[in-house]
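Student: Would you mind keeping the following structure in view while I ask a few things?
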Amino acid sequence: MDKELNVTYLILDGHVELHKYRYFYFTIVFIVYILIICSNSTIVYLIWKHHDLRQPMYIFIAALLVNSVVFSTNIYPKLLIDFLSEKQVVSFSACLFQFVTLYSLVDSEFLLLAAMAYDRYVSICKPLKYPTIMRKRIVVIFLALAWFLPACEFMVLAIMRVNQKLCSFTLRIIFCNNSIYKLFCVTSTALSFYGVFILLNMVFCPVVFILFTYVRILVICYRSSGEVRKKAAQTSLPHLLVLINIFYLTAYDVITVRIESEIPKTASLILTLQLILYNPLFNPFIYGLKMKEISKHIKKLLW
C-alpha cells in the first residue's frame, strides 16, 4: 500500500490462507451470523409477546440478547466483506469505532449480568419486597446505565486516542480489538491508567458484586426449603454460566494482546473467534433450555 493510504487505512493481517479458503470462511461465518440473529431475536420476540414473560428477570435477558445481536452486527458484516475482498483493510476511524462499540457492549454485558444478579437476589432473599424494589422505573434505569456508562467511558477513550500519531499500520487480527494500542508511537501513562480504571469499573466491580449476590443467594437457599433451592438453581444457573463464559473470554482478550507475538497465527485466529462466537451464539440456547418459562413458549412456537 502507498504511504498516503497507510496514513488513513490499517491492514488486518490476522487471516489464515484466506485466498484458499475465503468461500469456506464466508459460508461458515454467514451461517453462524444468521443463527445468532435468529436465535436471539426469537427469544426477544417471545419475551415481548407474552405477558407472563414481562418480568424484570426476562426483560434483562431480552436486553442481554439484544446486546449480543448488536455486538455481532458490529463484527460479522465487516468480517464477511473482508473474506470476499482482495485486501483486508479498514480506515483508522472505522477501526476506532469498532473498538469502542466492541468493548462498550462487552462491558454492558457485565453490567446487565450484575442487574440480573441483583434481581435474583431480591427475588429469592427478599420476595415480599420484590414488587416494591424491582419496579418498572428501576428496571429502565438499570438498562439505561448498563448501555450508557460503558459507551461514555469508551467514547472518552476514543477522543483521547483519535489524534495520536501512528507508527504501525498492520494489525495481526481480523477485527479491531485491544491490539489497536500497539499501533501508537507513544504509550500514554494517563491512557493506561484510564484503561485500568475502565477495567476495574466495568468488569472487576460488577463481577465482585455478582459473586457477592450469588453467595448470599446460596446461603439463603441452604437455610431454606427444597422448593426455594430448586427455584434458585433454575433461575440463577444460566446467569452464572454466561458470567463464567464472558469473564473467561474477556480475560483471554486482555492477556493475549500482551503476548500476541508469541502466539502462532492459526491459534490466534481460532482463539480470537471465540470472543465473537460463544456468547452471542450460545446465550439464547442457555436461556432457552434452562429457563423453564422461556423453554415452554419455545416448545409452543415450534410445535
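Student: Being modelled with pLDDT of 95 or more and either charged (D, E, K, R) or crowded, with 19+ Cβ neighbours inside 10 Å (or both) narrows it down to one of LEU102, LEU143, so name that one.
Tutor: Working: LEU102 fails: modelled with pLDDT of 95 or more.
Checking each option against the conditions leaves just LEU143.
Each row is one residue, and each column tells you yes or no for (1) in contact with a Cys (Cβ under 6 Å, 6 or more places away or on another chain); (2) open to solvent by 40 Å² or more (accessible area, probe 1.4 Å); (3) closer than 27 Å to ARG161 by Cβ.
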residue: LYS87; (1), (2), (3): no, yes, yes
residue: SER93; (1), (2), (3): no, yes, yes
residue: SER108; (1), (2), (3): no, no, yes
residue: LEU111; (1), (2), (3): no, no, yes
residue: MET116; (1), (2), (3): no, no, no
residue: CYS125; (1), (2), (3): no, no, no
residue: LYS129; (1), (2), (3): no, yes, no
residue: THR132; (1), (2), (3): no, yes, no
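Student: I need the full set of residues from the stretch 235-255 which are over 17 Å from LEU273 (Cα atoms) and over 12 Å from the mean Cα position of the chain (by Cα), in order please.
Tutor: THR235, SER236, LEU237, PRO238, HIS239, LEU240, LEU241, ILE244
Student: When both residues are 6+ apart or on different chains and their Cβ atoms are under 6 Å apart, which pairs have a first residue that lies in the stretch 2-18 and is at pLDDT 85 or above and among the hydroxyl-bearing types (Ser, Thr, Tyr), and a second that is assigned to a strand (DSSP E or B) and open to solvent by less than 70 Å² (accessible area, probe 1.4 Å)?
Tutor: Filtered contacts from the stretch 2-18: TYR9/VAL89; TYR9/SER91.
Student: Separate question: With assigned to a helix (DSSP H, G or I) and within 24 Å of PHE247 (Cα to Cα) as the only criterion, which of LEU65, LEU128, LEU80 stands out? Give the derivation first.
Tutor: Numbers: LEU128 fails: within 24 Å of PHE247 (Cα to Cα); LEU80 fails: within 24 Å of PHE247 (Cα to Cα).
Exactly one residue qualifies, and that residue is LEU65.
Student: Continuing with the same structure: Among ALA251, ALA158, which is the only one that is assigned to a helix (DSSP H, G or I), out of contact with any His (no Cβ under 9 Å at 6 or more places or on another chain), open to solvent by less than 50 Å² (accessible area, probe 1.4 Å) and at pLDDT 85 or above? Before you say what the answer is, go through the steps one by one.
Tutor: Working: ALA251 fails: at pLDDT 85 or above.
On inspection, the qualifying residue turns out to be ALA158.
Student: Restricting attention to the stretch 161-201, and to residues there that are in a helix (DSSP H, G or I) and of a type in the set (S, T, N, Q), which single residue is surrounded by the most Cβ atoms within 10 Å (Cβ to Cβ)? Walk me through it before giving the result.
Tutor: Initially, the stretch 161-201 is screened for residues in a helix (DSSP H, G or I), giving 161, 178-183, 189-201.
Remaining after also requiring of a type in the set (S, T, N, Q): 178-179, 189, 192, 201.
On the way: ASN178: 18, SER179: 21, THR189: 8, SER192: 11, ASN201: 14.
Selected residue: SER179.
The values are calculated or read from the model by the stated rules, or taken from the named source; none is laboratory data. None of these values were measured; they are calculated from a predicted model. Heads up, the Cβs are rebuilt from the backbone with ideal geometry, glycines too, and the neighbour counts pull from every protein chain shown. SASA here: full protein model, heavy atoms, side chains in, ligands and nucleic acids out. Shrake-Rupley method; radii C 1.70, N 1.55, O 1.52, S 1.80 Å.
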